[in-house]
Structure formats: C-alpha cells, structure tokens
Amino acid sequence: MWLDLAVSDLESLSREELIALARRQDAQITLLATRLADVSERLEQALKRLAELEYLLSRNSGNSSVPPSKDDGLGRTPPCKERRAKPSGRAKGKQPGAPGTALRWREEDELDDRQDRYPEGACGCGADLGAAADLGVVDRYQQHEIPLVSVSVVQYDQHAVACGGCGRVHTAARPEGAGAGRVEYGPNLRAYAVYLLVVHFVPVRRVVDILTSLTGARPSVGFVHSLLRRAARALQACDFAIRTLITLAFTVCADETPLKVGPATPAEGKKEAKGYLHVACTELYTHFLLGDRSMKTFRQTILQDLEPGAIAVHDRYQAYDSTQLGDLNHQLCLAHVLRDLTSAAQLYPDEHWPVQLADELRELIHRASQARTRGETSLPQRIKSIAVRGLRAAIRIGLAATAHLDDARPGARKSRLLLEAFHQREDDFLRFTTDLRIPPTSNQAERDLRPSKIQENISGRLTHPGRAKDRYLIHGVLSTAVKHTVNPLTVLRDAFTGTTWLPPAARA
C-alpha cells in the first residue's frame, strides 16, 4: 500500500511514478469516501429505525391506544402509575354503604319448594329413628340451585278438525319457533348457541362441545354456524329501530377499530387483509357497522343521519370532520388527548406544558362531573375561565417549545399537531363544559368495541364477511338489551319464536 511508503522512497520516484501514485491514492480515497458515506447513511437509518422501535415499545395503555392486555408484552414499558395529589385513605374492596350482592334469606311465600328432613338410620341403642319423637325444627338452610339440564324430545301431532257447522277443515299450528322440517332443535337451544357465539366469543366447535356436555344434544358445527344468519334475520327490525333511535340522540359516541375479517390475502392495492368495525352508541343503544376506513363506509354510518346540530364524540380522525357527514358539532375525546399528553411528557421530560395541560383538563372533567351530580346543566363560567387561562398558557408555551422543524423524533410531530389542534379547535375540545349532557370522552364507544378485540384474540380471523356482519348485528342488539337491563337470552329466544324485542325510545 502507498501508505507504507517512506518519505525517502517517495524522493526516489520519478515524476511519472509520482503522478501514477497520486492517481492511485485519489482512486482509493474516493472509494473510501464512498464506503464511509454508505456506512454513515446505514448508521443514520439504523439509528432512526432504533428510535422508532424504542418509541413503539414505549407505547402502552397510558400513553396511546394500546389495550391494557398488551402492557406486559415482551420489551414493553409498563404505564406509569397515575399521580395522586394525596392518598385517599380509602380501603380496598367494597366501600361502606355500597350495595352488595350477597344471597338473602327468602320468606315462606318466596320459596319454590320446602322439604322437611329427619334423621335416618338407627340410634346407638339400636332403636329405629323413623319412630323417634319429633322435637321440631332446630336448623334451617336455604340453597339456590339450578336444575340439571337434559335435552328432551317432544313430538307435536297437529290435528285437523272439520267444523260441525260448515264442514270447513282447520289444522292446528305448529308450536312457536318451529320450522318447516320434521325434526329440529328448539328455540331455547338455538338461543344458547348464539349467546355463546356472540356474547362470550366461544368458537363454533367449542359451542357444540358445551351444548353436548350440558344438555346431551350434539348439533352439527354447520347447524350452529348457520344460527348466526337465522338470528340476524330475526333481529333486523330491532337493529333498524336501534339505528333510528340513535339518529335522534343529542350526543353520539363514535369510534372504529381494525378487525381481521375476510380472506387472509390482501386485496389488490391493499397492504393488509383487514376491515374496520365502526360503532355509534349512547348509554342506551349500540349499533355496529362492518366496513373499511374509507369515506364511503363513513357515509354509511349513523353519523350522516344525525339531526343537525347533534354532538358527535370521537377521536381526531379526519374522516369525522368531513362535511359529507352533515352539519355536526364535535366533542373531541379527551381520553385520547390525555394519553397523547402522557406521551408528550415522556418525549419532553424537561418541559412543563404537557403536565400543565393534562392537569387542567383533568380538573375540568372533574368539575363537570361534580356539577352534573349537583343537577346543573353547564359548568360555572368562573371555574371554566380559570381552567381555560391555564390551558391557553400551556398551549402557547408548547407551541413555542415544539417550533423546531428539524425535530424528527418519533412522536414529535404528533405532539405538535395536538397543540395546533387545541389552538385552532378549542371549542371542540371544551364543548362538554357548555352542556353537561355531552360526555368529555368517547369511552362508551371504546367499551362497546372492546369485545371485538377479545373475540379476535380468542378465535382469530372471521373468514366469512357475511357472517361477521350478522355477528355484529346480533351483538349490537344484545348490547342494547343489556343497557336496558333485558336478559339477552330472552331476546334471542323470543326472536327465534317470532317475537322481536324493540328497545324503548329514550326520554328527552
């Protein structure tokens, strides 16, 4: 190598040799510079990728929309415990005065059965205890028990009779829930099967095993799966009524979540084979729509049919703000905002604005809850003004602190966009303070969507889109029934017998 040449060796070279050596050195320097630039670029990409991976691993239920079930995943950072101003001093468990659920002693007229029990066998002296003198009741015990269930086969013989007056023939109708076949399972068993499928996310084959163990009946896998379609058809009128009632609501919580549905191979032009489950709900009604995240699906949701001026409570996904959904007012979900502010506080540990902004929002939510409990309709203006001043000051500080255009750290752009949204849409973040009927979060929608993720974790992909739509039509009806304290099994059984349950309209 030319680097090993001593100065004396260079002095002995001719002009032509020095020129050739310089050219070789230039070529080697160019090659090394190219390699160094390539290594530097790869290192920069690796560092960027490492920062992205560290950011993703730092996501948890406290600073993002990651569900709590994934907080203990490999390499993940668990969420920090919430700060408390001071210990509450309250013991864990049931609080004094809270309603309990213990079994109570039933009076005589409430009993289903009563049995007198006497000692049996022989006394130590050899006398038969059956002839002993009765000294009265010395112990009483009540037991709540369910009967052992065993499938029973009943044959219904429908007779025809001829009228004695005119001779017209009349034929007895089949029992409620009977189909056209000669042999089939009754509405009770069908209701249990759909209940296990939809409410408890039990896979079809396990539903068959459960029914066999509990009742002795062994329906086929195909029959159990077909019940989804039959139940959905029977509940279509209820689903339509729920959708109509939600369109009349003053506030509607909306959300959507990805769902593995349909073929596992992505469609042309798509990176992933998945759909989106949309929910629109209130405290009394739940309605699901299975589609994608396109504007076409959003136009099919209930939001487009809401009354002018209705309040849509949602996260900041851009589709909710489209004018194609009509003239809506918005309440942006503050639960999402607080998680984003937790993330911002971790990204900017030396800045005070994320904590100040979060504290002011929590205080507003707390004050609104107290005012609602007192029966007030809006938050007192004095309290709101104090909090808004703090919010605006934190936003100004945050905008100044995040004005660096070269901050390419993961999460920096998201924090900046949150501050800009707060600055531009303050009314949409604080609309709940003007009317306490408006919830500050879309937690109701997240609660209604959460079972779909549980189902996905248990059973995986729903390969048939049609049956998936049937599943969530049924789930919306049963969720609404539970919100009205109606037994979902009763709703399913009535549907299979031709009686459709309809939810009552909410009081204004």
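Just so you know, all these numbers are worked out from the coordinates, no wet-lab data involved. On a predicted model such as this, the values are computed, not experimentally measured, just so you know. Here Cβ is always computed from backbone atoms with ideal geometry, including for glycine, and neighbour counts include all displayed protein chains.
Each label point was placed 7 Å from the Cα along the Cα-to-Cβ direction; for Ala132 and Arg389 their separation is 8.4 nm. For the pair Leu50 and Arg182, the difference between a 0.36 nm per residue extended length and the Cα-Cα distance amounts to 40.9 nm.
Label point of Ala172 set 7 angstrom out along Cα-Cβ; within segment 141-160, amide nitrogens under 14 Å from it belong to 154-160.
Beyond 19 Å between alpha-carbons counts as too far, so tell me which of Lys274/Lys453; Lys70/Lys453; Lys70/Lys483 fall in that bin.
Those over the limit are Lys70/Lys483.
Listing Trp353, Trp105 from fewest to most neighbouring C-beta atoms within 10 Å gives Trp105, Trp353.
Residues of segment 231-250 with an amide N closer than 15 Å to a point placed 7 Å from the Cα of Thr500 along the Cα-to-Cβ direction: 231-245.
Each peptide in 128-135, 56-63 receives the mean, over its residues, of other Cβ atoms within 10 Å, and ordering these scores from highest gives 56-63, 128-135. For the chain, dividing the convex hull volume of the Cα atoms by the residue count gives 396 Å³ per residue. Just to be sure I understand the curve: with the Debye formula and one point per C-alpha of segment 302-391, what is log10 I(q)/I(0) at q = 0.16, 0.17, 0.21, 0.22 Å⁻¹? So the normalised log intensities are -0.84, -0.91, -1.07, -1.09.
By the count of neighbouring beta-carbon atoms within 10 Å, fewest first, Ser226, Ser213 end up ordered Ser213, Ser226. Between Glu307 and Thr265, the distance separating the two model label sites (each 7 Å from Cα on the Cα→Cβ line) works out to 5.0 nm.
How much length is gained on full extension from Glu16 to Ser294, taking 0.36 nm per residue of separation minus their Cα-Cα distance?
Contour length minus Cα-Cα distance gives 93.0 nm.
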